[in-house]
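First comes the structure, then the notes that go with it.
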Amino acid sequence: MTSEFIRAIEDVAREKGIERNVLFEAIEAALISAYRRNFGSAQNVRVEVDRQSGEIRVFALMSVVEEVTDPRAQVALAEAKAEDPRAEVGDTREREVTPRDFGRIAAQTAKQVVMQRIREAERGIIYEEFQSREGDVVSAVVSRAEQRFVVCDLGRAEAILPLSEQIPGETYVPGQRMRCYVLEVKRTPKGPQVMLSRTHPALLKRLFELEVPELHDGSVELKAIAREPGSRSKVAVWARVEGVDPQGACIGPKGARVHAIGNELRGEKVDIVRYSQDPEEFVANALAPAKVTRVAIEEETRTARVIVPEYQLSLAIGKEGQNARLAARLTGYKIDIKSEGA
C-alpha cells in the first residue's frame, strides 16, 4: 500500500465516522487470512501496517525449542539466545516473512476490508436512526406485496409490514404511499430490520398529534384509545387549558382533521369522546352517539350498568356489539346495557 492509500483510509474514517485504528486493525486481520490463502502457509503470523507510510510487513511467530522439528514454526534455543541472551524455551520470536509481491494482494484486500467497514458503518448509522424512531410514524412506500408481508421503502432502509399488522381488507400496490407505526427495529447481519404496523393504537394517537396542533402544544390531551383497525375507533380527549374545546379541536373545521385521519386508515370511523374524571359521565360519553339515561358504577367489579331509552338500545350496543365493546375498552369498565322498560 502507498501513502496515498493511507490518506484515502483516513478520509474514509473521517467521512464515515469510523475510528482510524479500527480500519487498520481490520485490514491487518484480513491480510493474515490473505497471506495464508495466497502463500499456502499454516504459519502463525502477524501483519503490521505502518500507519504513516503504508508499508506492510509480515512476521512469522515462532516458538523457542531445544530441538527444531518444524522450521516454519520453531526456532532453536541456541539461535534465539544469539539474538537475545534472555531467550528461554517456550518464548515466542518473530521472523519477517514478507513476500516480495505481497503489496498487490495487500492493496486489494485492504480495499475490500475498507468497503466492508463502510457498509457496516452505514448500516450502524441507519440502525441508530430508525431505532430512535421506534414508536413514531413514518411515511412508507410499498415496494412489493407478498402473501404474508408487505415490503416497504423508507428511503434509507427497507421495512416489513407483517400480515398480523395489516388493516383487514386493505390492499397494497407498488408505489402506494402510507403512514405506518414503527413497531420494532432489529440489528441483523444484512442491516437494520424495521417492523411496521398499521393496526397499533399508537398509530392513531400519532396521527392525531400530527394533524391537531392543540395536541402538539399540550392544550388538549389524548387520554385513551380503543381501536378495531379499519372499522371503528374511539378516542377520549380532554382540555388542559380552559376555554379549549377538545372535541372540536380534534374534529377540525367541517370535520377535516378527523376525516383526514380516517382516510389514512382505510376509511376507519373515529369517534371523538370527551373524557371525564367522573366514571359515570365518561361511560355515558363513551357510548355516543347513543343517548344514555343513567349510569351506575360498581367499582368492586369494575362494572357500569347503563340504562338507555328503548329506541337507543340498538345504537348503544352497536352492530355486532361494537359500540359497547369499544366503549368498554376505552373506559376500562365492563358495560351492561339495558333499556328503560327492561
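Quick notes on this one:
- Taken over segment 47-80, residues that are in a strand (DSSP E or B) and among the charged types (D, E, K, R) amount to 2.
- Filter result (touching a helix residue (DSSP H, G or I) at 6+ places or on another chain (Cβ under 7 Å) and modelled with pLDDT of 80 or more) within segment 113-135: G135
- Contact map, segment 162-181: residues that are in contact (Cβ under 8 Å) with a residue 40 or more places away in the chain paired with residues that are surrounded by fewer than 17 Cβ atoms within 10 Å (Cβ to Cβ) and of a type in the set (S, T, Y), Cβ distance under 7 Å, separation 6+ or inter-chain. Pairs shown: R179/S139.
- The set of residues in segment 154-167 being under 20 Å from R266 (Cα atoms) and either surrounded by 12 or more Cβ atoms within 10 Å (Cβ to Cβ) or assigned by TED's automatic domain parsing to the domain that holds G17 (or both) consists of I160, L161, P162, E165, Q166, I167.
- Looking only at residues in segment 245-276 that are basic (K, R) and under 32 Å from the mean Cα position of the chain (by Cα), the one that is farthest from Q322 (Cα to Cα) is R257.
- The set of residues from segment 231-250 being surrounded by fewer than 22 Cβ atoms within 10 Å (Cβ to Cβ), touching a strand residue (DSSP E or B) at 6+ places or on another chain (Cβ under 6 Å) and closer than 16 Å to L204 by Cα comprises R232, Q247, A249.
- When E48, E55 are screened for being surrounded by 10 or more Cβ atoms within 10 Å (Cβ to Cβ) and touching a helix residue (DSSP H, G or I) at 6+ places or on another chain (Cβ under 8 Å), only E48 passes.
The values are calculated or read from the model by the stated rules, or taken from the named source; none is laboratory data. It should be emphasised that the depicted structure is a prediction, and the values quoted were computed from it without experimental measurement. For neighbour counting, all protein chains shown are included, and Cβ atoms are generated from backbone atoms with ideal geometry for every residue, glycine included.
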